[in-house]
Every structure is written in C-alpha cells, then in structure tokens.
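Coordinate-derived values only; no laboratory data. Since we're looking at a predicted model, the values are computed, not measured. Methodologically, a virtual Cβ is constructed for each residue, glycine included, from the backbone with ideal geometry; neighbour enumeration extends over all protein chains shown.
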Amino acid sequence: MKRVIAFSIFHLLFSIFYSFSQSYQVNGNASQLSCNCYLLTPDLNTQGGSVWNINQISLANSFDFTFDVFLGYNDLGADGIAFVLQPISTIVGTSGGGIGYLGISPSVAIEIDTYQNSGYGDPITDHIGIQTNGDVDHNTANNLAGPVAALASSGNIEDGQNHLLRVSWDATAQILQAYFDGVLRVTYTGNIVSNIFSNNPNVYWGFTGSTGGQRNEQRFCLSIIPDFSLSVPSVCEGETLQLTDSSYSGLGSIASWNWDFGNGTASTDTNPSVTYNAAGIYQITQVVVDQAGCSDSNTTNITVLPLPDVGFTVENNCSGNPVLFTDTTNGTPAIWNWIFGDGENSTEQNPIHNYADAGTYIVSLEVESTDGCTATQIENVVINASPTAAADMETSLLTVNFSNTSTGAESYEWIFPDTTITTTSPSYTFADTGHYPVILVATSANGCTDTIVFDVYVDNTIQVEVPNIFTPNGDSYNDVWIPTLKGVERAIGRIYNRWGMLMADFSEVINTWDGKTKGGNDVPEGTYFYVLDYTTIDGKSDKAGGTITLVR
C-alpha cells in the first residue's frame with residue numbers, strides 16, 4: 001500500500017519553486033527543465049510536485065490543450081501524473097499514491113496512473129480516467145469516466161518515450177475528453193461548472209505528479225511542434241517553392257516565425273515562398289516562437305534540380321532546302337519542342353525543316369529533362385536565299401554547248417560522266433551516242449546551292465533533211481522553209497524559180513525562206529529549186545539539191 005502524504009498551503013512537505021516564466025508556478029519537487037518543459041518528480045521515492053498556470057481560465061469558454069508527457073523508464077515504477085482543473089490556488093498538491101491531486105476539492109482531474117492500487121479499483125495496465133474532487137478511488141461516484149488503458153495498443157506507458165496527451169473542453173456541448181497519442185480514451189458529458197465548481201467557471205489548470213514506495217521520473221511539456229509542408233518535394237532552378245506552416249502550440253498560437261532557406265535568404269512570414277536559382281540540396285530551417293516566448297525548430301531538405309542547358313546548331317540554312325537543326329543540350333533531355341518561326345513546329349530531337357522563303361526567323365527550342373525541368377533557347381536564324389539552277393543546251397553530234405541561265409548564283413559546278421567543269425557555260429563532247437546525265441550545281445555567295453539534272457542525248461549521225469513543200473499563207477503553220485542540218489558546221493543555200501532566176505541567197509549559215517523575193521515580194525505558187533553547199537563538222541564538203549513546192 002502506498003503512503004499518501006498531504007501537501008498543504010503551509011508547505012509541510014514541498015518547497016515552492018517559481019519558474020523562470022512568469023506564467024507558471026512550480027511547487028514541491030517539481031522544477032523547470034526548459035522554456036516549455038517541467039519535471040514533476042525526479043526518479044526518487046516519496047516525491048510530489050505540481051506546476052500551475054497562474055492565470056485562471058473560464059470554463060464558459062472551450063479549450064483544446066496538447067502536451068507531451070513522459071512517465072519514466074521503469075515499468076514497475078509509480079505513481080503517475082494528472083491534468084487538473086481547480087479554483088483553489090497555485091500551491092496545492094500531494095505525494096504518494098494520490099498522483100499529486102489527492103484531496104484537492106473541488107477539482108476535475110485527467111488521471112494517468114502507472115501503478116495498480118487494487119483498493120482503488122485500478123486495472124493492471126497503465127490507465128487513464130476522469131476523477132473529481134481529489135478522489136483517486138474509481139469505485140466511487142467521483143469516478144466520471146474510465147479507467148481504461150492509456151494506450152489502446154499497449155499496457156505500458158513507462159517506456160522512456162514521450163506521449164501526446166490532448167485535453168479538450170467543449171463549453172457549449174459540455175463535453176470533456178482526453179486523447180492519448182491521438183486516440184480518444186475517455187469522455188465525460190456534464191455541466192462541471194455547476195455540478196463541481198458551484199457555478200464558478202474560473203479555474204486554474206496545471207499538472208500534478210507523485211511517487212511513493214515506487215518511483216519514476218515524470219515530466220510534461222507544453223507542446224510546441226514546429227512543422228511545415230512543401231508545395232512539391234523538389235523544384236527546378238528558378239521555380240518558386242511554397243511553404244505552408246502547420247506548427248502547433250499546445251496552449252495558444254504561434255507568435256512568430258523565422259525561416260532560413262539555406263541559400264542566403266530568410267523570411268518571417270507565416271507561409272513564405274522562396275525561389276532557388278541554383279541546383280543543389282538546401283536545408284530549410286524553421287524556428288517558431290509561441291505566445292509564452294518558447295521556441296523550437298524544424299529542418300528539412302529540398303532538392304533543387306538543374307535546368308537543361310539548352311542549345312542547338314543550324315546547318316544548310318538556305319531557303320527551299322532541308323535545314324538541319326541539331327540539339328546540343330547538356331543534361332538529361334527527354335522531350336523537345338521546336339518552334340521554327342514560320343508557323344511550323346516539331347517534337348523530334350534533331351528535326352529537318354524546309355523554309356520556303358529567305359528571311360530571319362525566331363526559332364525556339366524548349367527542352368524538358370528527365371526530372372521534369374524545362375528551359376528554352378531562342379535564337380534568330382537567318383535563312384539565306386537559294387539560287388535557281390537552269391541552263392539551255394545546243395547539241396551538235398556528240399558535242400553539247402550549254403548556256404547557263406541560272407539566277408542568284410556566283411559559282412557553278414558541272415558534273416559530267418568523267419569530269420567536273422566549273423566554267424559558267426561549258427561545251428562538252430561525249431564519247432559516243434547515248435543518254436547521259438549531266439548535273440549542274442549552282443552556288444550563291446552565301447553558300448546556298450540548287451541542283452538540276454539534265455538528261456542529255458547525243459547522236460553522231462550527220463543528217464541533212466530538206467522539206468519539199470511549205471505554205472507561207474500566214475496561218476503560222478509551215479509558213480517558212482527551213483532545212484534540218486545535223487552535224488553540219490557551215491551551209492550556203494540558193495533558191496531558183498523554174499526559169500533559173502535567183503529567188504533567195506543564203507550565205508555563211510543556212511537560213512529560212514519565207515516565200516518572198518530578195519526584194520520582199522511574195523512569189524507565186526509553184527515549184528522552186530534549191531542548191532545547198534555544206535561542210536560537216538568533220539571537215540567534209542558536200543552538195544544537196546532538189547525541188548520545193550510552194551502552196552499559198
């Protein structure tokens with residue numbers, strides 16, 4: 001059986017200690033450990049201590065308090081602690097099996113009992129209950145709720161761990177509840193102001209604790225829980241990170257915040273934002289201070305991911321030609337989005353694009369990395385005008401004379417079956433009769449090219465063909481007489497009427513006859529005679545003659 005020793009206002013057994021904080025009075029063997037933490041009993045026998053907030057609260061108003069409680073390391077220790085509401089004073093309390101609140105009347109206590117006093121109706125497990133008027137006996141009418149195991153999952157709370165005790169009072173519904181480690185354990189519904197405190201709503205609140213023949217270190221802390229969340233688990237360079245505070249003060253609100261973002265910047269906002277301009281891992285530190293001036297800190301790391309180092313090159317930037325865009329991005333590119341500035345786009349890594357017209361185009365490349373970070377490179381790309389390759393040709397047996405009609409070019413390359421010629425309008429003799437491809441590459445001053453392929457047919461057969469009838473009647477059909485001379489280098493022609501009069505005389509190179517005299521008069525219909533003297537390209541001379549029928 002534990003001994004129960006009264007703790008009176010005459011300080012018979014307890015010395016009264018005042019905390020460094022002006023809001024709390026510390027009595028008996030209790031002591032202040034830090035700004036918000038108090039020791040109720042050291043790990044010694046026959047100890048008793050109490051800590052009271054010197055400011056009364058009104059039970060006409062609701063409250064919701066949260067504390068960290070520590071019940072010791074020794075599973076066989078004793079006796080426990082209690083959260084107590086009482087209107088008497090701030091220097092009351094006891095030691096021994098009464099858990100420090102025995103005899104305090106009127107009062108309401110949330111009792112956390114770590115020792116089984118079978119005579120008081122205690123269960124074997126560490127338990128929690130609601131008692132009134134300083135009565136620790138669960139067998140009496142002063143037992144308002146419980147007792148039940150403090151932990152729903154374990155019978156032992158003397159485990160060297162901090163546990164969370166939440167006490168709430170709903171003044172409107174008149175419900176008093178206690179939660180242990182986040183789980184509701186006991187509930188009492190009733191008008192404690194009238195039933196227990198004789199209609200006096202003003203009470204002191206505090207903690208009591210005691211040891212007797214068994215002992216344990218027992219303490220409590222006014223919970224200050226710094227906490228915050230990040231809008232995303234990681235960010236990219238240049239992105240804004242939003243921080244949302246969720247800190248908690250067990251007996252009030254957080255009064256101030258101090259943030260260190262790890263990049264040389266800080267903030268005192270409740271929910272700040274920060275932009276990181278360089279990749280890396282940064283430690284974010286949050287320091288919160290509650291209304292009592294107590295503080296605590298919390299840290300977490302944020303990973304800032306690098307942006308892809310976007311770049312590209314352009315080759316063959318000429319209009320009408322395939323322009324090659326080559327991605328040179330450093331990093332881990334995964335997705336590409338090209339905008340070519342002419343209304344077209346591509347998602348290929350290295351696209352080929354044709355520009356119809358020369359000009360300056362704004363080209364952008366947006367690259368997304370495997371981490372989901374995006375960056376964009378924008379450049380002005382000059383597309384130069386391409387030349388137009390073209391040529392006419394005149395064939396004489398195996399020799400072809402090319403007349404270059406290209407535009408916009410300043411140099412040329414003619415590619416023949418066995419050689420390349422860079423003159424503007426070359427002449428080339430093929431080896432034999434047949435079809436031959438001839439390629440003309442025209443190049444402009446800015447290096448743009450255009451290419452055309454000619455199918456050239458040559459024949460080394462000498463041919464002299466003279467029409468024997470023509471109709472110079474002005475209908476634009478067969479209006480002139482002209483011989484076909486292939487392989488002929490030079491020809492002289494003469495045309496006579498049937499009486500031997502000279503109608504036309506063609507010297508140097510054969511020309512055409514339009515059916516007129518040398519004086520320009522139309523000759524009558526009839527038969528005429530021609531004589532041709534010609535020399536072939538191989539140097540041979542020959543003659544040809546015959547009749548021409550003129551019909552009007």
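List of remarks:
- Measuring between their Cα centroids, the stretch 440-519 and the stretch 30-106 lie 127 Å from each other.
- Count Lys and Arg as plus one, Asp and Glu as minus one, and take only other residues whose Cβ is under 15 Å from that of Phe470; the net charge is then -4.
- Listed peptides 524-532, 33-41 appear in the order 33-41, 524-532 once ranked by packing, highest mean of other Cβ atoms within 10 Å at the front.
- Computed from backbone phi with θ = phi - 60° and the Karplus coefficients 6.51, -1.76 and 1.60, the 3J(HN,Hα) list for the stretch 302-316 is 10, 9, 9, 7, x, 7, x, 8, 7, x, 7, 10, 10, 10, 6 Hz; x is used for glycine and proline.
- Surrounding net charge for Asp181, when Lys and Arg each add one and Asp and Glu each subtract one, Cβ distance under 11 Å: +1
- Per-residue ³J(HN,Hα) for the stretch 206-218, Karplus 6.51 cos²θ - 1.76 cosθ + 1.60, θ = phi - 60°, Hz, x for Gly and Pro: x, 10, 10, x, 7, 10, x, x, 10, 8, 5, 6, 9
- Exposure proxy order (Cβ contacts within 10 Å, fewest to most) of Ser267, Ser58, Ser406: Ser58, Ser267, Ser406
- For the stretch 75-128, averaging the sequence separation of C-alpha pairs within contact (under 8 Å, six or more residues apart) and dividing by the residue count gives a relative contact order of 37 percent.
- Per-residue Cβ neighbour rank within 10 angstrom, fewest leading, Thr114, Thr419: Thr419, Thr114
- For Ser386, nonlocal amide neighbours, meaning residues 5 or more places apart or on other chains whose placed amide H falls under 5 Å from its own, are Ser319.
- Only DSSP H runs of four or more residues enter the estimate; each adds -39500 (n - 2.57), and after division by the residues of the chain the mean residue ellipticity at 222 nm equals 0 deg cm²/dmol.
- Pairwise FRET efficiency - Ile281 versus Asn202, Cβ, R0 = 45 Å, nearest 0.05: 0.30
- Bridge type composition, the chain - antiparallel percent by DSSP, nearest 5: 95
- Exposure proxy ranking for Ser210, Ser247, Ser50, based on other Cβ atoms within 10 angstrom of each Cβ and starting from the fewest, stands as Ser247, Ser50, Ser210.
- Stokes-Einstein diffusion of the stretch 463-550 at 25 °C, 0.890 mPa s viscosity, Kirkwood radius from Cα pairs, rounded to a whole number: 184 µm²/s.
- Environment charge at Ser406 (Cβ cut-off 15 Å; Lys +1, Arg +1, Asp -1, Glu -1): -4
- Given the alternatives (1) 170, 43, 39; (2) 91, 56, 41; (3) 140, 72, 43, Cα extents along the principal axes in Å as computed for this entry is given by (1).
- Of the chymotrypsin sites (Phe, Trp or Tyr not before Pro) found in the stretch 466-502, those that fall in a DSSP loop while having at most 12 other beta-carbon atoms within 10 Å are Tyr477, Trp499.
- Evaluated over the chain, the count of Lys pairs having alpha-carbon atoms less than 24 Å apart is 4 (only pairs 8 or more residues apart or interchain).
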